[in-house]
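Undergrad: Next up is a structure, given as structure tokens.
The values are calculated or read from the model by the stated rules, or taken from the named source; none is laboratory data. Everything numeric here is computed off the predicted structure, so don't read it as measured data. Every residue, glycine among them, receives a Cβ derived from its backbone with ideal geometry; neighbour counts consider all protein chains shown. What goes into the accessible areas is simple: the full protein's heavy atoms, side chains included, and nothing from ligands, DNA or RNA. Shrake-Rupley method; radii C 1.70, N 1.55, O 1.52, S 1.80 Å.
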Amino acid sequence: MRLNRHSSSRRTRALIGASLIALACGPGASRAQEQASGSESTVGPLQEVVVTATRREESLSKVPLSVTALTQQSLDERGVKDFSEVARYTPGVNFDNSGTNNISIRGISGSGGAGTTGIYLDDTPIQMRALAFNPDEALPKSFDIERLEVLRGPQGTLFGAGSEGGTVRYITVQPSLTKTSIYGRSEFSSTQYGDPSYEAGAAIGGPLVQDTLGARFAVSYRYDGGWIDRIDPVTLQTVQKNANYTETLLLRLAGLWAPTDKWRITPGIYYQNQQKNDIANYWPLYSDPSSGRFVNADPSRRATPDKFYLASLRIQGDLGPAQLISNTSYYHRREQTGYEGTLYNLGFYQTFMGSQILLDNSGVHLPAGATDYRSPATVDNGQQNITQEIRLQSADPNARLLWTTGAFFAENRQSYLEQIHDPMLQEIITALMPGSSIVDVFGVGYDPAFPTDGYFLKTNAKDEQYALFGELNYGLTDRLKGTLGARFSRTKYSFDTLTGGPQLFAPTAPGSGSNQENAFTPRVGLQFQMDPNDMYYFTYAKGFRPGGANNPLPQAACAQDFQTFGITAAPTTFSSDSVNSFEIGAKNNIANRVRLASSIYYIRWNNIQQTVVPPVCQISFIDNLGTAVAKGADLQADIALTDRFTVELAAGYTDARYIRDSSLSPTSTAGPVVTNGDAITSVASELGGGQPTAPVSVTAGLEYKFSAFSHATFVRADAEYYGRAKWPTPGQDATTLQSDAAAFVVPGTTRASVRGGVDFGSWQVAAFVDNLTNAHPLTDYNYTICPPPAQPACPGSDRLQRAYTFRPRTFGLTAIFRQ
């Protein structure tokens with residue numbers, strides 16, 4: 001395309017302006033728009049993606065939001081199978097790999113209370129509330145996904161409560177009434193030091209009755225081989241090789257009926273069954289990562305079965321000047337996770353039963369007569385969510401006034417059952433204290449309702465939400481648009497709970513709680529389209545998540561912690577929190593060879609819900625811990641150096657910290673729970689872990705396309721870097737009451753992968769190597785309880801550590817069929 005001097009100069013100024021925004025923000029870049037079916041055709045090697053981030057179809061470069069959109073083709077080109085890998089290509093997004101599936105966007109994360117990131121499967125929110133330990137989010141696998149969108153920044157107007165940091169949207173491929181399409185994927189890979197992995201899946205869709213009735217069916221099975229051996233902690237003999245393997249089955253069936261040319265009815269069901277055989281951590285005590293030896297000596301295998309299905313019905317009608325869209329869904333999930341109950345109990349008992357060491361940095365020391373002692377801890381999570389949303393929105397995308405209005409209702413029932421199964425409690429008491437009984441030590445015995453539980457917590461909770469929302473987008477001039485949106489929500493939370501067992505040091509205790517609130521979340525924006533290729537925007541948005549109530553904590557077990565915190569008991573309720581976000585951004589396209597999407601942001605988070613884990617009893621509760629600010633920048637860049645050679649960058653800078661001290665009691669003189677300057681962090685599923693958002697993240701991808709023996713061929717290389725955290729978390733800060741002498745900041749990490757493929761008609765065959773350098777940095781960790789007499793301060797040299805790292809180098813071959 002020819003450019004005159006004036007046009008070239010204008011584009012140069014636009015590029016410089018966008019670059020200045022990125023430089024002012026610090027390091028920043030994120031993946032950009034990928035090619036996809038249905039995307040807009042443009043002149044030049046870069047192609048546009050159509051997204052629905054604003055609940056209507058728009059080109060990604062015209063959406064005044066920070067959005068990363070990955071199509072199925074771009075996911076396949078990078079070998080992405082789940083969200084942990086999506087986060088690697090998205091700026092400002094961190095993913096917790098220590099077992100909670102916690103997603104942090106722009107530093108906004110927390111494992112306490114309702115979720116901070118909205119997770120949507122098509123139009124249904126599926127995120128969960130953290131009722132206590134292990135709030136494991138369900139994350140669908142990326143098979144037969146038309147597009148995966150990550151919206152950064154609060155989305156409280158169109159997506160409601162819980163989307164404080166942002167929203168993740170899985171958008172599945174829909175049936176067609178006119179065209180048959182087939183997608184298939186198979187893969188085999190071999191992990192160094194571990195078992196092979198393999199996958200097979202197929203999806204087919206098309207018309208059953210031309211222009212009237214269509215359907216799509218997908219099925220996929222994936223086996224991820226393990227690479228961590230599990231040994232017996234007493235004999236040190238191998239119990240199972242490569243124990244941390246995972247199996248995932250996915251089934252999906254969707255229909256499409258068009259009774260007239262103005263109405264479409266789409267029923268569907270999505271089912272996923274994931275079975276993790278064992279947890280993916282290792283004990284440094286018995287491992288040697290540099291030689292590929294990863295060993296887990298947890299006394300009990302920790303399987304994680306996780307099943308969910310989503311039944312949905314979408315009705316869309318053409319009313320002339322408006323569209324009516326109704327989404328009705330039922331989401332059902334059952335998952336069992338847990339924590340290492342035997343190690344918890346050994347550390348817990350030795351603090352109450354004398355000076356005998358049962359557990360320290362040299363391993364497990366079971367007394368004679370109880371060498372077979374095992375006390376696995378399980379957490380059963382259940383979700384039963386009913387969701388109904390009705391939207392009415394303008395139909396003409398070229399109108400001066402675009403509007404969306406709607407009503408939303410959700411009833412989310414969630415169950416939680418935490419159990420420390422302790423059928424050998426009497427045996428270990430006898431071994432430690434001959435002649436003593438359970439009642440002698442704890443004052444109470446087993447509860448008849450839970451006859452072998454040393455501790456149990458059973459909770460049934462219900463979240464109800466009613467909301468009205470609307471958003472207007474008005475063309476003030478031909479180039480300037482204004483956006484005004486608002487959502488009014490009414491939320492109600494209630495629960496009933498029962499807790500007991502000998503470790504409670506008291507009879508079984510029932511409890512209940514409730515919380516009811518109203519929330520108003522506005523959105524205001526300006527969008528300036530300087531020319532067809534350069535757009536700038538400003539957005540103010542508010543995000544919100546509802547409050548809740550705490551389960552009762554055992555007074556005797558946690559008395560030392562309460563005294564340290566300056567309180568007499570854990571708070572019974574906690575209130576809502578909210579964020580106020582200000583963002584300035586730009587989207588620039590230079591001759592369709594350089595495409596940039598950059599932004600700077602400032603987010604103030606008020607009245608933060610955070611989990612507090614008492615260092616002695618380790619039974620967590622939630623409280624509102626002060627105020628924080630997250631500020632930073634991100635940049636998405638695609639650069640076509642030639643028609644065949646492209647460069648992609650994904651980088652971000654995040655500074656997310658508390659801005660004032662906060663205590664559990666306003667009259668306490670014991671010290672703060674969090675201190676001004678501490679980093680925001682989510683809490684890992686067990687004591688000691690949970691890392692803050694990396695302040696700097698950069699991902700770079702290089703791709704070259706060429707013809708080899710008359711076949712389209714590509715090679716690409718991707719590398720990622722996460723910088724070491726600059727600021728301590730409350731657990732790493734010696735001035736806080738949550739300070740842990742063993743806690744430390746993990747180092748920065750780098751990882752690289754390469755992939756190359758050849759097209760054979762409808763088939764593409766690609767070879768890959770993930771974790772090319774076989775990097776094994778420490779990415780997270782946790783500790784067991786301090787052995788006496790080291791309480792309450794205890795360095796890591798006295799305690800048993802468990803660690804997390806990357807999967808070792810993996811070689812593989814993928815075959816993909818598209819038609």
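Undergrad: Considering every residue within the stretch 398-416, establish whether at least one is more than 18 Å from Gly548 (Cβ to Cβ), surrounded by fewer than 19 Cβ atoms within 10 Å (Cβ to Cβ) and of a type in the set (D, E, K, R). Give the derivation first.
TA: Residues of the stretch 398-416 more than 18 Å from Gly548 (Cβ to Cβ): 398-409.
Cutting the leftovers down to surrounded by fewer than 19 Cβ atoms within 10 Å (Cβ to Cβ) gives us 398-401, 403, 405, 407, 409.
Still in the list and also of a type in the set (D, E, K, R): 400.
Yes: the stretch 398-416 contains one or more residues that are more than 18 Å from Gly548 (Cβ to Cβ), surrounded by fewer than 19 Cβ atoms within 10 Å (Cβ to Cβ) and of a type in the set (D, E, K, R).
Undergrad: So which residues in the stretch 177-211 are open to solvent by 10 Å² or more (accessible area, probe 1.4 Å), in contact with a Leu (Cβ under 9 Å, 6 or more places away or on another chain) and closer than 30 Å to Ser291 by Cβ?
TA: Glu187, Phe188
Undergrad: For the stretch 765-772, state whether one or more residues are under 20 Å from Gln72 (Cα atoms), open to solvent by 30 Å² or more (accessible area, probe 1.4 Å), small (Gly, Ala, Ser) and in contact (Cβ under 8 Å) with a residue 40 or more places away in the chain.
TA: Yes: the stretch 765-772 contains one or more residues that are under 20 Å from Gln72 (Cα atoms), open to solvent by 30 Å² or more (accessible area, probe 1.4 Å), small (Gly, Ala, Ser) and in contact (Cβ under 8 Å) with a residue 40 or more places away in the chain.
Undergrad: While we're here: Listed residues Gly585, Gly548; which is in contact with a Lys or Arg (Cβ under 8 Å, 6 or more places away or on another chain) and under 27 Å from Thr157 (Cβ atoms)?
TA: Only one candidate qualifies: Gly548.
Undergrad: Go through the stretch 563-596 and report how many residues are touching a Ser or Thr at 6+ places or on another chain (Cβ under 6 Å) and either hydrophobic (A, V, I, L, M, F, W, C) or surrounded by fewer than 20 Cβ atoms within 10 Å (Cβ to Cβ) (or both).
TA: The number of residues fulfilling the criteria is 4.
Undergrad: Follow-up. Just the residues that are part of a helix (DSSP H, G or I) and not aliphatic (A, V, I, L, M), please, taken from the stretch 423-444.
TA: Taking the stretch 423-444 and keeping what is part of a helix (DSSP H, G or I), we get 425-432, 438-442.
Of everything in the stretch 423-444, those that are part of a helix (DSSP H, G or I) and not aliphatic (A, V, I, L, M) turn out to be Gln426, Glu427, Thr430, Asp440, Phe442.
Undergrad: Checking Arg147 against (1) in a strand (DSSP E or B); (2) more than 22 Å from Tyr271 (Cβ to Cβ); (3) of a type outside the set (Gly, Ala, Ser), which test does it fail?
TA: So Arg147 meets the others, but not (2).
Undergrad: Among the residues of the stretch 485-530, which ones are open to solvent by less than 20 Å² (accessible area, probe 1.4 Å), in contact with a helix residue (DSSP H, G or I) (Cβ under 9 Å, 6 or more places away or on another chain) and at pLDDT 95 or above?
TA: Gln527
Undergrad: Within the stretch 633-681, can you find the residues that are among the polar types (S, T, N, Q) and under 22 Å from the mean Cα position of the chain (by Cα)?
TA: Within the stretch 633-681, Gln636, Thr654, Thr681 meet the criteria.
Undergrad: Could you look through the stretch 531-562, keep only residues that are among the hydrophobic types (A, V, I, L, M, F, W, C) and touching a Leu at 6+ places or on another chain (Cβ under 8 Å), and pick out the one that is surrounded by the most Cβ atoms within 10 Å (Cβ to Cβ)?
TA: At the first step, the residues of the stretch 531-562 found to be among the hydrophobic types (A, V, I, L, M, F, W, C) are 535, 538, 541, 544, 549, 553, 556-559, 562.
Then keep just the ones that are touching a Leu at 6+ places or on another chain (Cβ under 8 Å); that gives 538, 556-557.
On the way: Phe538: 15, Ala556: 14, Ala557: 22.
My answer is Ala557.
Undergrad: Among the strands (runs of 3 or more DSSP E) lying completely within the stretch 547-624, list those that include at least 1 residues that are closer than 20 Å to Ile659 by Cα and at pLDDT below 90.
TA: Once the strands (runs of 3 or more DSSP E) in the stretch 547-624 are filtered for at least 1 residues that are closer than 20 Å to Ile659 by Cα and at pLDDT below 90, what remains is 609-612, 621-624.
Undergrad: Let me ask you something else. Being touching a helix residue (DSSP H, G or I) at 6+ places or on another chain (Cβ under 9 Å), without any contact (Cβ under 8 Å) to a residue 24 or more places away in the chain and crowded, with 18+ Cβ neighbours inside 10 Å narrows it down to one residue among Ser753, Ser739, Ser697; which is it?
TA: Ser739
Undergrad: On the given criteria, is Lys458 assigned to a strand (DSSP E or B), open to solvent by 40 Å² or more (accessible area, probe 1.4 Å), closer than 19 Å to Cys617 by Cβ and of a type outside the set (S, T, N, Q)?
TA: The answer is yes for Lys458.
Undergrad: Please find, within the stretch 212-253, the residue that is farthest from Phe811 (Cα to Cα) out of those that are among the acidic types (Asp, Glu) and buried (at least 22 other Cβ atoms within 10 Å of the Cβ).
TA: Our first condition is that a residue be among the acidic types (Asp, Glu); within the stretch 212-253, this holds for 224, 229, 232, 247.
Going one step further and asking which of them are buried (at least 22 other Cβ atoms within 10 Å of the Cβ), we end up with 224, 229.
Details: Asp224: 13, Asp229: 20 Å.
Residue satisfying both the conditions and the ranking: Asp229.
Undergrad: Every residue in the stretch 633-672 that is in contact with a Phe, Trp or Tyr (Cβ under 7 Å, 6 or more places away or on another chain) and open to solvent by less than 10 Å² (accessible area, probe 1.4 Å), please.
TA: Result: Ala633, Ala650.
Undergrad: Consider Asp440 against the criteria (1) within 21 Å of Pro510 (Cα to Cα); (2) open to solvent by 40 Å² or more (accessible area, probe 1.4 Å); (3) without any contact (Cβ under 8 Å) to a residue 60 or more places away in the chain; (4) more than 29 Å from the chain's Cα centre (by Cα): it satisfies all of them except one. Which criterion is unmet?
TA: Tallying (1) within 21 Å of Pro510 (Cα to Cα); (2) open to solvent by 40 Å² or more (accessible area, probe 1.4 Å); (3) without any contact (Cβ under 8 Å) to a residue 60 or more places away in the chain; (4) more than 29 Å from the chain's Cα centre (by Cα), Asp440 fails exactly one: (1).
Undergrad: Right, next: Among the residues of the stretch 259-282, write down those that are open to solvent by 20 Å² or more (accessible area, probe 1.4 Å), within 20 Å of the chain's Cα centre (by Cα) and not small (Gly, Ala, Ser).
TA: Selection gives Tyr271, Asn273, Gln274, Gln275, Lys276, Ile279.
Undergrad: In this structure, does Asp478 turn out to be assigned to a loop (DSSP other than H, G, I, E, B), open to solvent by 30 Å² or more (accessible area, probe 1.4 Å) and either without any contact (Cβ under 8 Å) to a residue 60 or more places away in the chain or in contact with a strand residue (DSSP E or B) (Cβ under 7 Å, 6 or more places away or on another chain) (or both)? Show your work before the answer.
TA: Details: assigned to a loop (DSSP other than H, G, I, E, B): yes; open to solvent by 30 Å² or more (accessible area, probe 1.4 Å): yes; either without any contact (Cβ under 8 Å) to a residue 60 or more places away in the chain or in contact with a strand residue (DSSP E or B) (Cβ under 7 Å, 6 or more places away or on another chain) (or both): yes.
It is true that Asp478 is assigned to a loop (DSSP other than H, G, I, E, B), open to solvent by 30 Å² or more (accessible area, probe 1.4 Å) and either without any contact (Cβ under 8 Å) to a residue 60 or more places away in the chain or in contact with a strand residue (DSSP E or B) (Cβ under 7 Å, 6 or more places away or on another chain) (or both).
A quick yes/no check of all residues on (1) closer than 19 Å to Gly369 by Cα; (2) β-branched (Val, Ile, Thr); (3) without any contact (Cβ under 8 Å) to a residue 12 or more places away in the chain:
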site: Ser394; (1), (2), (3): no, no, no
site: Ala399; (1), (2), (3): no, no, yes
site: Thr405; (1), (2), (3): no, yes, no
site: Ala410; (1), (2), (3): no, no, no
site: Pro434; (1), (2), (3): yes, no, yes
site: Asp447; (1), (2), (3): no, no, no
site: Leu457; (1), (2), (3): no, no, no
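Undergrad: Taking Phe706, is it more than 25 Å from Asp655 (Cα to Cα), touching a residue at least 24 places away in the same chain (Cβ under 8 Å), open to solvent by less than 50 Å² (accessible area, probe 1.4 Å) and touching a strand residue (DSSP E or B) at 6+ places or on another chain (Cβ under 6 Å)?
TA: It is false that Phe706 is more than 25 Å from Asp655 (Cα to Cα), touching a residue at least 24 places away in the same chain (Cβ under 8 Å), open to solvent by less than 50 Å² (accessible area, probe 1.4 Å) and touching a strand residue (DSSP E or B) at 6+ places or on another chain (Cβ under 6 Å).
Undergrad: Taking Leu256 as the residue in question, decide whether it is of a type in the set (A, V, I, L, M, F, W, C), within 30 Å of Val234 (Cα to Cα) and crowded, with 18+ Cβ neighbours inside 10 Å.
TA: Considered against the rule, which asks whether it is of a type in the set (A, V, I, L, M, F, W, C), within 30 Å of Val234 (Cα to Cα) and crowded, with 18+ Cβ neighbours inside 10 Å, Leu256 comes out as no.
Undergrad: Given the conditions (1) in contact with a helix residue (DSSP H, G or I) (Cβ under 8 Å, 6 or more places away or on another chain); (2) hydroxyl-bearing (Ser, Thr, Tyr); (3) open to solvent by 10 Å² or more (accessible area, probe 1.4 Å), and given that Ser362 satisfies all but one, which numbered condition is not satisfied?
TA: (1)
Undergrad: Which one is farthest from Ala803 (Cα to Cα), of the residues in the stretch 304-315 that are modelled with pLDDT of 95 or more and open to solvent by less than 50 Å² (accessible area, probe 1.4 Å)?
TA: Ser312
To keep it simple, each residue is scored yes or no on (1) under 26 Å from the mean Cα position of the chain (by Cα); (2) hydroxyl-bearing (Ser, Thr, Tyr); (3) farther than 18 Å from Pro154 by Cα.
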residue: Ala467; (1), (2), (3): yes, no, no
residue: Leu472; (1), (2), (3): no, no, no
residue: Gly485; (1), (2), (3): no, no, no
residue: Leu498; (1), (2), (3): no, no, yes
